[in-house]
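> Starting off with a structure, shown below.
The values are calculated or read from the model by the stated rules, or taken from the named source; none is laboratory data. Predicted model, so just to flag it, every value in this text is computed and none were measured. Here Cβ is always computed from backbone atoms with ideal geometry, including for glycine, and neighbour counts include all displayed protein chains. Only protein heavy atoms, including side chains, enter the accessible area calculation; ligands, DNA and RNA are left aside. Shrake-Rupley method; radii C 1.70, N 1.55, O 1.52, S 1.80 Å.
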Amino acid sequence: MMYIEIDDLIGNAFIPYLEKTGNRMLSLKKINMFGTKVINYLNENGEDACLRLSRDLTNSFFYEYSDLFLLVENENEKENVVILANNITSKDLIRKFSGYLSLPVLLAFRNSENTKVLFEE
């Protein structure tokens, strides 16, 4: 069984999003939808994978990576958004969150069909 952790998911969601839009704010809902797409892609390609997410893991992630990410509630839309620090580049994210991934997982995170959900309105 292959587990995709919250740090893998958030770090790798921001890579294509930042590269394509330059935007540093992404809703947690879109990140979760992206995670579902990634898991479905992996399972359809013969990998036994699941997301490993919980409130405790989420809180730990934002504590551990507080220099990179901030979680805030978007009051206008009543949903949580993740904000990437201004000094962080996509190359920084690649070094931090992609270098250790297996090839199937990396391909799933970079698959254009999977990343589409990040850009939808």
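> Is there any pair linking a residue in region 53-75 that is loosely packed, with under 11 Cβ neighbours inside 10 Å to one that is assigned to a helix (DSSP H, G or I), with Cβ under 9 Å and at least six apart or on different chains, and which?
SER54/ILE6
> Within region 43-63, does at least one residue satisfy the condition of being touching a Pro at 6+ places or on another chain (Cβ under 9 Å) and under 20 Å from LYS116 (Cβ atoms)?
yes
> Go through region 25-52 and count every residue that is under 18 Å from PHE109 (Cα atoms), open to solvent by 30 Å² or more (accessible area, probe 1.4 Å) and not in a helix (DSSP H, G or I).
Residues that pass the stated criteria total 7.
> Can you name every residue in region 1-24 that is in contact with a Phe, Trp or Tyr (Cβ under 6 Å, 6 or more places away or on another chain) and open to solvent by less than 10 Å² (accessible area, probe 1.4 Å)?
If the condition is that a residue be in contact with a Phe, Trp or Tyr (Cβ under 6 Å, 6 or more places away or on another chain) and open to solvent by less than 10 Å² (accessible area, probe 1.4 Å), then GLY11, ASN12, ALA13 are the ones that fit.
> Filter region 76-91 down to residues that are in contact (Cβ under 8 Å) with a residue 12 or more places away in the chain, not in a loop (DSSP other than H, G, I, E, B) and not aliphatic (A, V, I, L, M) and give me whichever is farthest from GLU5 (Cα to Cα).
GLU79
> Okay, next question. Only residues that are in contact (Cβ under 8 Å) with a residue 60 or more places away in the chain and either polar (S, T, N, Q) or in a loop (DSSP other than H, G, I, E, B) (or both): list them for region 92-121, please.
SER98, LEU101, SER102, ASN111, ASN114, THR115, GLU120
> Could you please find all residues in region 76-103 being open to solvent by less than 30 Å² (accessible area, probe 1.4 Å) and among the polar types (S, T, N, Q)?
Selection gives SER90, SER98.
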